[in-house]
Structure formats: C-alpha cells, structure tokens
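Structure first, commentary second.
The values are calculated or read from the model by the stated rules, or taken from the named source; none is laboratory data. Note that the coordinates shown come from a computational prediction; the quantities given were computed from them, not determined experimentally. Backbone-built Cβ (ideal geometry, glycine too); neighbour counts: all protein chains shown. Note: accessible area is taken over every heavy atom of the protein model, side chains too, but ligands, DNA and RNA are not part of it. Shrake-Rupley method; radii C 1.70, N 1.55, O 1.52, S 1.80 Å.
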Amino acid sequence: MKSVLQLSVICCLLLFNSCYEELDFDQINDYVYKPVVTSSLTFFSVVPGQFFNDLGVQETSVTSVSDFRVFEDSFVNEDIVRIDFSTLIKNEFDREVTIDVSFLDDNNTVLYQFASIVIPAEDLENTYTEEVFVSANPAIINTTKVRIRAELEDTGASMNPNDTSEFELKSSVTLYIESEI
C-alpha cells in the first residue's frame, strides 16, 4: 500500500511540474506540401527493318509521337516547379544513334527540346537525365505531346532489314510539385 501511495505522489509531481508549450495552430499556414511523382513516359523500340520504306529504301530516322497530358490537371499545372526527364537506352545496332526529344503543344509547336542524346554503337545500357525548371521554361506546362526521333549515323553501308538487333528507349518523368495548404 505504501508503494502505491509513493507512486501516486511521484506521478502527481511529474504531472503538475511537467513542461508545456502553447499550441500554435497557425504553423499549418507555413507548411509547404512537396510531392514528387514519377511516371513512365514512353517506350520506343525499333529494329532495322523499321528504317526501310515501302520501296525498300533505308531511311535515316524514325519518329514516334505520344500524348502527354499531365499538365491539364490544375494542381500540377499551377504548382509544378521542376521536371526530370530520364531515359534508359539499349543500342544493339552497329552504328551510333542520336535521339531528339521534344515537348509539343496541340499545334505541334516545340515548347521545349532536350539536348540531343548520342548513343554509341552497341551500347547496351546508357542512361540520361535532364532537369527542366518551370520558372525558366514556363511554356512547358502547355505540353500535350512528346515527340521522340531516332536518327541513325550514316556509315555509308545499308543495314540488313532482316537483322534482329534492336534499339530500345525507356523514358520516365519525375514531377516536383510545391504547394501551400
């Protein structure tokens, strides 16, 4: 019984002598929400046969255009601060390939073009990342399409249209958003 009384007295002393601070509910006004969202952008794969037209003549490039309408969401459109474009590229071809990536609007006007990415022949694991700050490139939020163009190095020799080697590009975008609550 004596130990219960001693424990009660100690608990009361701790309770009445504990420190406290007044709560400041206005702190929430200073909070900045900073989500980071990563999404697959496009997958681009070609074999040598796709560089030949209907007449059997080798073309030097192929182009792919895909929809990219992430900026139509008002939360993203108003609060995005940075975009990271990342790629993983596999080039099994016996020649260098240059990749050009452009962000386009509905009228196919180029809003932003990334630096050309040059992939050496037979490079099976090439990565590339480019950062775009929206404050320096505000037109980028009008993007609705992404165009990827792969251009072959002209070696003077024609590719074999039946060759099974492959050029593959996987890309993603990471969106950095900052929003006050």
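Using only side-chain charges placed at the Cβ, +1 for Lys and Arg and -1 for Asp and Glu, the dipole size of the chain relative to its Cα centre rounds to 580 debye. Length gained on full extension, K170 to E92: 26.6 nm, using 0.36 nm per residue less the C-alpha separation.
Considering only N53, F75, N91, the residue lying farthest towards the positive end of the dipole of the chain is F75, judged by Cα position with unit charges set on Cβ. Report summary: the helix-based calculation at 222 nm, which adds -39500 (n - 2.57) for every DSSP H run with n ≥ 4 and divides by the residues of the chain, gives -3500 deg cm²/dmol. Ranked from largest to smallest solvent-accessible area, with a 1.4 Å probe on the protein heavy atoms, L23, L88 come out as L23, L88.
Accessible area per residue (1.4 Å probe, heavy atoms of protein chains only) ranks F133, F93, F25 as F25, F133, F93, with the largest value leading.
Could you state the angle between the C-alpha long axis of helix 2-17 and the longest principal axis of the C-alpha atoms of the chain, as a value from 0 to 90 degrees rounded to the nearest 10? Between the helix axis and the principal axis of the chain, the angle is about 60 degrees. With R₀ set to 22 Å, the beta-carbon distance separating E78 from L23 gives a calculated FRET efficiency near 0.10.
Based on Cα contacts under 8 Å between residues 6+ apart, the chain shows a relative contact order of 38 percent. Among the listed options (i) 1, 7, 13, 15, 12, 10, 8, 6, 4, 3, 3, 3, 3, 3, 3, 2, 2, 1, 1, 0, 0; (ii) 1, 7, 13, 17, 18, 16, 12, 8, 4, 2, 1, 0; (iii) 1, 8, 17, 22, 22, 16, 9, 3, 1, 0, 0, the one matching P(r) over Cα pairs in 5 Å bins from 0, in percent as calculated from these coordinates is (i). Of the accessible area of the range 1-156, computed with a 1.4 Å probe over protein heavy atoms only, carbon and sulfur atoms account for 52 percent. Taken about its Cα centre, the range 71-119 carries a charge dipole of roughly 280 debye when the Cβ of each Lys and Arg holds +1 and the Cβ of each Asp and Glu holds -1. If R0 is taken as 45 Å, the Cβ-Cβ distance between S61 and Y31 corresponds to a FRET efficiency of 0.40. Ordering F25, Y112, F133 by the projection of their Cα atoms onto the charge dipole of the range 14-145, which places +1 on the Cβ of Lys and Arg and -1 on the Cβ of Asp and Glu, puts Y112 at the extreme positive end.
In this structure the chain gives 63 Å² per residue of accessible area when probed at 1.4 Å with all protein chains present. Length available on full extension from V118 to T155: 0.36 nm per residue minus the Cα-Cα distance, which gives 11.8 nm.
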